[in-house]
Every structure is written in C-alpha cells, then in structure tokens.
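Below: the structure, in structure tokens.
The values are calculated or read from the model by the stated rules, or taken from the named source; none is laboratory data. Source: prediction; values computed, not measured. All Cβ positions, glycine included, derive from the backbone under ideal geometry; neighbour counts span all protein chains shown.
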Amino acid sequence: MEYYKGDIRTMQNKATKDKSSPWLTQYSITFFITCLLAYSLHIYYGKSFIYSEESLAGDGLVQHFNALAYYGNWLRSILKNIFVDHVFTIPEYDLSIGLGGDIITTLNYYVLGEPLNLLSVFTPVAYTEFLYHVLVIARLYLAGIAFYLYCIYHSYERERILPGAIIYVFSFYSIAISILHPFFLNPLIYFPLILLGIDKVLKERKPLIFILASALSAASNFYFFYMMTIFMVIYCIIRYLQYHYKEMRLVLVLREIGRFALYYFIAILIAAPVFIPTVIAVYSSGRVGGRSSVPILYELIYYVKLPIAFFNASADYYSYLGYGAIAAIAVMLLFLKTKWKDKIGFKAAFLAFIILGGRRLKSEATLYRVTIVIGIFLNAFGFYTPFPETTYSIMESLERHGRIYAEGLLVY
C-alpha cells in the first residue's frame, strides 16, 4: 500500500513538472519579446541602461555602476587574502569612500546582500557594464517567476498567470526604475515569495520560505524590507481572517502572532551580519533626528495627474504606475461584473488604497499617494513621495479580467 501511495505521489509530482515546463517556456519567450519591445528605443539609439544624466543626478553611473565595480574588486580582494595570502582578512573600511567610510554599510544599500551581485566577483571591471545590463534583465525575469510561484500555489489557471506576470513585470515602474535605480526591482522578486511564505505558514505550518525570503530581503536592503514588513502585517491579518475566522479565539491569535514573530526574528538573525550594522549606521548618521516642515497634502497638480498616471508616467513623486489598458479594464470589470456583495471586503480595501494613496517600491500601492503623512510612514520616515508600486502591481496583475482574490489585494 505504501508503494502504491508513493507511485501516486510520484505521478502527481511529474504531472506538476510537466505542466510547469510549458509555462516556463511560454513565459521565457513572451518575456524576451516584451523586453525587446520595452527597451527598443535603447537598442535603436544605442543607449545604455546605466543612467548618467548629470542634470538629474545620474545615480546609475555615479552610484550603482561604481558600487557594482567596487563590490567585485572587494570580493576578489577577500578571496586573494584567503587563498593567496592565507590570511582571513575582510576589508571593512576604505578612505577612498568619500572622506572615508565603512564598506559593508555603504555597499549594503546598493549591492551587498543581493545574491545576483555576487557574480561581480567573476567579472573584471572592464566588463562590469555588461554585467550591469544582465542583472537588470535577470531581476525582471525572476520577478515574473516569483509571481508565478505565488499564483500557482493559489491554484490560478496557468493561462491566466502568463498575462498577469507580463503586466506585473513590465509596468511603467519596472521599466523606468530599471534604468534609474535597478536594485529597486528587488522587491518585485522578494515580496511575492514572502507572501507565499505567509500563506504556507498559515495553511501548512511550514515557515521555511517565509524565513528565507524575509532574511534575503533584510540582507539586501533594510529600506525596502521596512516597507515590505508593513505589508506583511496587513496581508497576514487578511489571510488569517480568511483561513481561521470561524475558529478565531484570543489564545489562538496570540499564538499565531508569537509564531510569526519568532520566524521574523530568525530571519533577522540570519541577515544580522549585514542588516544590524546597516541599521545602526543609518540611525547614527547626521540625517536622522532632524526636523522639517511637512505639508499634509501634495500640490494640486499632482492629484490632477494621478488618474492619468494609471496609464503612463504623468504624475510626479515617483508615481510610476503605467499599468496600461488591460489593468484598467480589469479594475472596471471587478466592480461591473460582480454583484455589489461579492468580494465586498476586497472592493472596500481597493477603494481605501486609492483614497489614501503611494510611490516607489511598487509594493506600496496607491495607498500613500494622496496623503504625505502616509507617504512618509511607508518610506521609513525618509521621503514624502508616494512609494509602494510593488503591492499595487501585484494587485493589478491578479485582478486581470476582474477576478480579484485575497491574493490580489495586497500582493502588489
């Protein structure tokens, strides 16, 4: 009997793999075709992904490219110390960084902690530009894979996942930010995995994905991890109510909170060698603690441009929406093709996101787009730009054809 069960399990796993392989092939082909179209002007005019417009700061060249090249040299120096000089020495301070700076805390914001950037150790400085371009495309590609893993776990039909993934990966935010600040794409990869981890904890009591995805996010960039933590909590509350509403008791709720707090703490411990020094450095800098006058609302022109920004990049403050006509139709169908009682909680939450308003993480929804105070809170009290596009993008992608699920409300 056990042998028979094993055969059935093997057959099920094989069937799943057989179904996933065609989807991956279809996604890969569609991704690269869309990628060529999205960046066709760069190709036609021979432009680089390394943003270098001096009048607009040119962070791509001044910061991101230099950080990647420096990171490769730094990793190679560590390997040289260990395998050539036979001394386990990790350079921690460099006088050539500004007037002198800590290497780990400086590089963490840009490159240190992200696994893909480890490829720089194999890349000579002369070829860093090539690696820079490859990493931009790789991040976009992996974002679609993460989106697929989340959707397939929730039994979305595969033929619906593909267009959703393309909308998610190639929103205007992704295209614009891939040139301006390419590491801002990382939340598009991590956040679906974190949400998938939350679901697996609540449904299966399996915390591995949640811990690893959270640890990776914390190690990669504390700033985006802060934002994602806010939406982790919101998503977890919604999911818990969905899964365990009928059996909800105070003792069980407190137990669930304690369980997630433990997993979250373990993730922080895993990322601690990079995460803790960076947080300490940030809170000990001269920019923390300063006072500034912050208005409650944005300028009037911002609110005029915001609805149009759903289709393009017309709004200011990094409100890179640009989800296109398909996403707009999906939102309309959500309200027009369902009874008013159907999915009423998600409709209400969607409208709340629109009213409250967000910006840059593509994971912050329109939530803080309307009020500056919320924008500051979601941006770790550092900016009052409407930041979280990630949450909003997942939401729009999963709403395709008006089918909004619990997954779609906060998942981007």
Quick one: Phe130 ticks every box in (1) of a type outside the set (D, E, K, R); (2) surrounded by 12 or more Cβ atoms within 10 Å (Cβ to Cβ); (3) over 19 Å from the mean Cα position of the chain (by Cα); (4) under 17 Å from Gly60 (Cα atoms) bar one, so which box is it? (2)
By residue number, the members of the range 199-253 that are touching an Asp or Glu at 6+ places or on another chain (Cβ under 7 Å) and under 30 Å from Pro277 (Cβ atoms) are Ser220, Met227
What number goes with the only condition from (1) polar (S, T, N, Q); (2) touching a residue at least 40 places away in the same chain (Cβ under 8 Å); (3) part of a helix (DSSP H, G or I) that Ser77 does not pass? (2)
Only one of Ile78, Ile82 that is surrounded by 14 or more Cβ atoms within 10 Å (Cβ to Cβ), modelled with pLDDT of 90 or more and of a type in the set (Val, Ile, Thr): Ile78
Residue check: is Tyr141 modelled with pLDDT under 95 and within 19 Å of the chain's Cα centre (by Cα)? no
If I filter the range 169-190 down to residues being in contact with a Lys or Arg (Cβ under 9 Å, 6 or more places away or on another chain) and closer than 11 Å to Phe147 by Cα, which single residue comes out as modelled with the lowest pLDDT? Leu188
Considering residues of the range 93-145 that are among the polar types (S, T, N, Q) and without any contact (Cβ under 8 Å) to a residue 40 or more places away in the chain only, the residue nearest to Thr25 (Cα to Cα): Thr106
Residues to consider are Ile209, Ile234; find the one that is of a type in the set (Val, Ile, Thr), under 20 Å from Leu149 (Cβ atoms) and within 17 Å of the chain's Cα centre (by Cα). Ile209
When the residues of the range 97-109 are filtered to those that are touching a helix residue (DSSP H, G or I) at 6+ places or on another chain (Cβ under 9 Å) and of a type outside the set (A, V, I, L, M, F, W, C), which remaining residue is surrounded by the most Cβ atoms within 10 Å (Cβ to Cβ)? Asn108
The condition from (1) under 25 Å from the mean Cα position of the chain (by Cα); (2) at pLDDT 85 or above; (3) surrounded by fewer than 17 Cβ atoms within 10 Å (Cβ to Cβ) that Gln242 misses is numbered (2)
Over the range 245-262, the set of residues at pLDDT 90 or above and either acidic (Asp, Glu) or surrounded by fewer than 17 Cβ atoms within 10 Å (Cβ to Cβ) (or both) is Leu254, Arg255, Glu256, Ile257, Gly258, Arg259, Ala261, Leu262
If I filter the range 1-47 down to residues being modelled with pLDDT under 90 and not in a helix (DSSP H, G or I), which single residue comes out as nearest to Ile177 (Cα to Cα)? Lys47
